[in-house]
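Q: Just dropping this structure here.
The numbers here are math on the coordinates, done by the rules we state, and not lab data. This structure is a prediction, so every number in the text was calculated from the model and none was measured. Because the Cβ atoms are built from the backbone with ideal geometry, glycine has one as well, and the counts that use them run over all protein chains shown.
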Amino acid sequence: MTTLSPAYLIETRGNIVNVSSAVGSRPFLGFLVYGMSKSAVNMMTGAIALEVGPKGVRVNSVNPGTIDRTISSNAWDIPMKLVTSSWNA
């Protein structure tokens with residue numbers, strides 16, 4: 001699929017949309033590995049855009065942020081105040 005997709009996307013002037021996270025754009029306390037993986041998605045998105053963008057393929061990533069919810073802080077066992085305090089650093 002990976003080898004066939006670029007030719008089809010170029011032929012149809014298609015779109016690639018990757019899902020990353022705001023954590024991939026700036027450091028967040030307690031999210032080292034997750035942030036590294038999302039940074040890699042952001043870099044891959046930019047690199048692919050440079051390669052296929054001139055051929056008419058649009059490449060973007062969606063980077064949603066966190067929502068201050070009890071379920072969010074419970075999921076990682078990190079108090080949300082610690083997570084949000086890194087935003088103001």
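Q: Collect the residues in the stretch 3-37 that are outside any helix (DSSP H, G or I), over 19 Å from ASN60 (Cβ atoms) and more than 16 Å from the chain's Cα centre (by Cα), keeping them in residue-number order.
A: Correct list: THR3, LEU4, LEU29, GLY30.
Q: Additional query: Going through the stretch 19-54 one residue at a time, which ones are surrounded by 16 or more Cβ atoms within 10 Å (Cβ to Cβ), touching a strand residue (DSSP E or B) at 6+ places or on another chain (Cβ under 8 Å) and not aliphatic (A, V, I, L, M)?
A: SER20, ASN42, THR45
Q: What are the pairs with Cβ atoms under 7 angstrom where one residue, in the stretch 27-53, is among the charged types (D, E, K, R) and the other, located anywhere, is surrounded by 13 or more Cβ atoms within 10 Å (Cβ to Cβ) and assigned to a helix (DSSP H, G or I)? Sequence gap at least six, or different chains.
A: Listed pairs, sorted by first residue: LYS38/VAL23; LYS38/GLY24.
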